[in-house]
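The next block holds one structure in the form of structure tokens; read it before the comments.
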Amino acid sequence: MSEQPAPADHARQQMEPAAADGLRAYAAKTRANADQLAAVLEDIAENGLPAVEDCTPWENLRETHLARLTAQRPAVA
């Protein structure tokens, strides 16, 4: 991806203000998630992997995430 403007010979379609705001919010959230991941990886590089006793098994993480997704989804009658 480039931060350079598009060439002048190709007109760009403008977005509705609400859509542009939503896109900016998504970009900010994505950037924050990437920064958080980068911080974790830098910590691991600096200090090594955490002790197994301090970690959460992936099965528990999966079940928690699935429960969160189920709670967000409306029930089907």
Check: Within segment 45-56, can you find the residues that are open to solvent by less than 100 Å² (accessible area, probe 1.4 Å) and either modelled with pLDDT under 95 or polar (S, T, N, Q) (or both)?
Finding: 50, 51, 55, 56
Checklist line | Filtered residues of segment 62-76 (kept if part of a helix (DSSP H, G or I) and of a type outside the set (D, E, K, R)) | finding: 64, 65, 66, 67, 69, 70, 71, 72
Next item on the list: Filter segment 5-34 for residues that are surrounded by 10 or more Cβ atoms within 10 Å (Cβ to Cβ) and not small (Gly, Ala, Ser) and give the result.
Entry: 15, 21, 23, 24, 26, 29, 30, 31, 33
Margin query: Could you go through segment 14-35 and let me know if any residue there is at pLDDT 95 or above, assigned to a helix (DSSP H, G or I) and either in contact with a Cys (Cβ under 9 Å, 6 or more places away or on another chain) or aromatic (Phe, Trp, Tyr) (or both).
Written below: yes
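The values are calculated or read from the model by the stated rules, or taken from the named source; none is laboratory data. Keep in mind that what you see is a predicted model, and the values were worked out from it rather than measured. Here Cβ is always computed from backbone atoms with ideal geometry, including for glycine, and neighbour counts include all displayed protein chains. For accessibility, only protein heavy atoms count, side chains too; no ligands or nucleic acids. Shrake-Rupley method; radii C 1.70, N 1.55, O 1.52, S 1.80 Å.
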